[in-house]
């Protein structure tokens, strides 16, 4: 029986058994990432609002904003990617020629709470910055697959696409955002806004994706078991530029996503004043813990 004050909706305590399970999972993934050359990094929970605004498209409305006693406009971080971009822009000397990091931290989004997703939740990100070579995309994808296997997600599969396909087929920004919701609302609802999806269904992999798929197979990863091509994968955040990927729990149609990422070659340049390509991935730790426990 609760006698003390309640917590705000979407925020809550993590009991010891769950905290222990999370720690075990985080340590297992961190071991994989360090084997792939990623280094730990921490950034602040609070940023200036202008640092975060204008980076997330329609999801910007979910950012928690506040004003401090000095009248400064601040915001709780929405993800760990934009803070990384700000960090790199302020520490360009770390690019020698690339910088690879992983980070575990709380992020905040004012969305409707659901199973496996609170308004405050943990992200586990890893990114490599400074190269547009597909070998970096491959390194991130391989680390994501191995991390998933290390924590017991034996049937998880990475779906991969290239955002340039949408541009080549003439889809608008609004249509891409709608396509990103196809697993939730179904193809019929999507087609009401985008028109026929037949041309997308018949689209072929870009040259970049062909190189990525060839490298993954050469390294021993299996197509349709470890990774697959999904021309309908869109991912809604504005900052993605080409390669995008999503970790699904299994091959089921509309399967549950437990992580995702992609290439964002323009984001860091917004802060640094020069082109700095980057690619990364984020595990949805809360959702994974919830799935494993149940």
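Taking all Cα pairs closer than 8 Å and separated by 6 or more residues, the relative contact order of region 79-148 comes to 31 percent.
By the count of other C-beta atoms within 10 Å, a proxy for reagent exposure, 238, 68 are ordered fewest to most as 68, 238.
Region 11-47 and region 201-244 have Cα centres lying 27 Å from one another.
Looking at the square roots a ≥ b ≥ c of the eigenvalues of the Cα gyration tensor of region 61-130, which shape do they give, rounded for a/c under 1.5, prolate if a/b is larger than b/c, or oblate?
Details: a/c = 3.51, a/b = 1.41, b/c = 2.50.
In terms of gyration-tensor shape, oblate.
Calculate the length of the line joining the C-alpha centroid of region 48-85 to that of region 133-187, in whole Å. When both Cα centres are located, 25 Å separates them.
Region 150-190: percent of C-alpha pairs farther apart than 15 Å? Mind showing how you got there, number by number?
Values: 468 of 820 pairs.
The share of Cα pairs beyond 15 Å in region 150-190 comes to 57 percent.
Computing FRET efficiency as 1/(1 + (r/R0)^6) for residue 15 and residue 45, where r is the C-beta to C-beta distance and R0 is 22 Å, gives about 0.50.
Computed over Cα pairs, the Kirkwood radius of the chain leads via Stokes-Einstein (1.002 mPa s, 20 °C) to a diffusion coefficient of 107 µm² per second. Among rounded, prolate and oblate, which fits region 1-93 when a ≥ b ≥ c are the square roots of the eigenvalues of its C-alpha gyration tensor, a/c under 1.5 means rounded, and a/b larger than b/c means prolate? Note, shape of region 1-93 comes out oblate. The simple spin-label model puts a point 7 Å past each Cα toward its Cβ; for residue 204 and residue 272 those points are separated by 3.4 nm. A simple spin-label model places the labels of residue 91 and residue 223 3.9 nm from each other, with each point 7 Å out along Cα-to-Cβ.
Calculated over region 1-157, the projected area of the Cα convex hull averaged across directions stands at 12.4 nm².
Given 0.36 nm per residue, what is the gain on full extension from residue 172 to residue 31 after removing their alpha carbon distance, in nm? Mind dumping the intermediate values first?
Numbers: separation 141, 0.36 × 141 = 50.76 nm, distance 4.06 nm.
Length difference between fully extended and current span is 46.7 nm.
In the chain, the calculated helix contribution to ellipticity at 222 nm averages -10000 deg cm²/dmol per residue, counting -39,500 (n - 2.57) for every DSSP H run with n ≥ 4.
When 178, 24 are sorted by how many other C-beta atoms sit within 10 angstrom of their C-beta, beginning with the fewest, the order is 24, 178. Using a cutoff of 8 angstrom between alpha carbon atoms and counting only pairs six or more residues apart, the relative contact order for region 25-141 works out to 27 percent. Less than 13 Å from a label point 7 Å out along the Cα-to-Cβ axis of residue 193: which backbone N atoms in region 26-59 qualify, by residue? Inside the label zone: 58-59. Taking a ≥ b ≥ c as the square roots of the eigenvalues of the Cα gyration tensor, region 183-294 is rounded, since a/c falls below 1.5.
Taking neighbour counts of Cβ atoms within 10 Å as a proxy for exposure, in what order, fewest first, do 69, 25, 270 appear?
Numbers: 69 5, 25 20, 270 16.
The fewest-first ordering by Cβ neighbours comes to 69, 270, 25.
So the label point goes 7 Å from the Cα of residue 135 along Cα→C-beta, right? Which residues of region 76-102 then have their backbone N under 13 Å from it? Residues 97-98 fall inside that zone.
Using 0.36 nm per residue and subtracting the Cα-Cα separation, the extra length available between residue 66 and residue 2 on full extension is 20.1 nm. Here the Gaussian network model covers the chain, with springs between Cα atoms less than 10 Å apart; of 26, 233, 169, 169 fluctuates the most. With the chain treated as a Gaussian network of Cα nodes joined by springs under 10 Å, which of 226, 162, 133 yields the largest mean-square fluctuation? Result for the chain, Cα springs under 10 Å: 133 fluctuates most.
Relative to its Kirkwood radius, the Cα radius of gyration of region 87-166 gives an Rg/Rh of 1.02. Measuring between their Cα centroids, region 251-294 and region 92-123 lie 9 Å from each other. Most mobile of 271, 227, 11 per a Gaussian network model of the chain (Cα springs, under 10 Å)? Comparing 271, 227, 11 in the GNM, the peak value goes to 11. Starting from one equal scatterer on each C-alpha and no solvent at all, send me the Debye-based log10 I(q)/I(0) for region 246-285 at q = 0.21, 0.26, 0.27 Å⁻¹, two decimals. Evaluating at q = 0.21, 0.26, 0.27 Å⁻¹ gives log10 I(q)/I(0) of -0.67, -0.80, -0.83.
Where a number appears in this text, it was derived from the coordinates with a stated rule and is not lab data. Treat the numbers as computed from the prediction; the structure is a model and nothing was measured. So basically every Cβ, Gly included, is an ideal-geometry build from the backbone, and we count neighbours across all protein chains shown.
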